[in-house]
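The values are calculated or read from the model by the stated rules, or taken from the named source; none is laboratory data. Source: prediction; values computed, not measured. Virtual Cβ from ideal backbone geometry, glycine too; neighbours counted across all protein chains shown. Remember, those area values only see protein heavy atoms, side chains included, never the ligands or the DNA or RNA. Shrake-Rupley method; radii C 1.70, N 1.55, O 1.52, S 1.80 Å.
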Amino acid sequence: MLEQAVQVVARIVARSGKEDELRTLLRGLIEPTRREPGCVTYELLQNTTDPTDFTFVEEWSSGADLDAHLQSAHLRNARSRLPELTVADPDIRRYTVVG
C-alpha cells in the first residue's frame, strides 16, 4: 500500500521588531527545501493584517520525506536561530486529505 501524502501547516510568530529578520531566515529555507526528495509544495505566507504571523503550507509525498526534511541541515540551522526571533516554538501540524 502506498503511503499517503502529508500536508503540513507550520505557523511561526515573530517577536515584535524581528519580522524582517525572521522573514529573511524563513525565505532562505524555500529553495533548499523545494529540492528535497518528496517535497511537493513548500510555500511561505505572511499574514496581511499581522506582520508577525508567518505560515508555511507544505505537501510531502510521505511522512518519511517530511521526517527527513525535519532533520535537514538547513532546517536545523534555522531552528537554532528561532528562539531569538520568535515568541514561541513553531506550531507544526500534520494533516492528511480526507475529502
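Each row is one residue, and each column tells you yes or no for (1) on the phi > 0 side of the Ramachandran plot; (2) of a type outside the set (Gly, Ala, Ser); (3) over 13 Å from the mean Cα position of the chain (by Cα).
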| position | (1), (2), (3) |
| --- | --- |
| Asp20 | no, yes, yes |
| Arg23 | no, yes, no |
| Ile30 | no, yes, no |
| Leu44 | no, yes, no |
| Gly63 | no, no, yes |
| His69 | no, yes, no |
| Leu75 | no, yes, no |
| Leu85 | no, yes, yes |
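Within segment 24-37, does at least one residue satisfy the condition of being without any contact (Cβ under 8 Å) to a residue 60 or more places away in the chain, of a type in the set (Lys, Arg) and in contact with a strand residue (DSSP E or B) (Cβ under 6 Å, 6 or more places away or on another chain)? Yes: one or more hits. Within segment 56-99, track down each residue that is in contact with a helix residue (DSSP H, G or I) (Cβ under 9 Å, 6 or more places away or on another chain), in a helix (DSSP H, G or I), open to solvent by less than 70 Å² (accessible area, probe 1.4 Å) and of a type outside the set (A, V, I, L, M, F, W, C). Listed by number, the residues that qualify are His69, His74. Taking segment 10-55, which residues are part of a helix (DSSP H, G or I), hydrophobic (A, V, I, L, M, F, W, C) and surrounded by 16 or more Cβ atoms within 10 Å (Cβ to Cβ)? Answer for segment 10-55, where residues must be part of a helix (DSSP H, G or I), hydrophobic (A, V, I, L, M, F, W, C) and surrounded by 16 or more Cβ atoms within 10 Å (Cβ to Cβ): Leu22, Leu25, Leu26, Leu29. Taking the listed residues Ala78, Ala68, Ala73, the one that is modelled with pLDDT of 95 or more, under 16 Å from Val13 (Cβ atoms) and out of contact with any His (no Cβ under 9 Å at 6 or more places or on another chain) is Ala78, with no other qualifying. Would you check if Glu58 is in contact with a Cys (Cβ under 8 Å, 6 or more places away or on another chain) and of a type outside the set (A, V, I, L, M)? Answer is yes for this residue.
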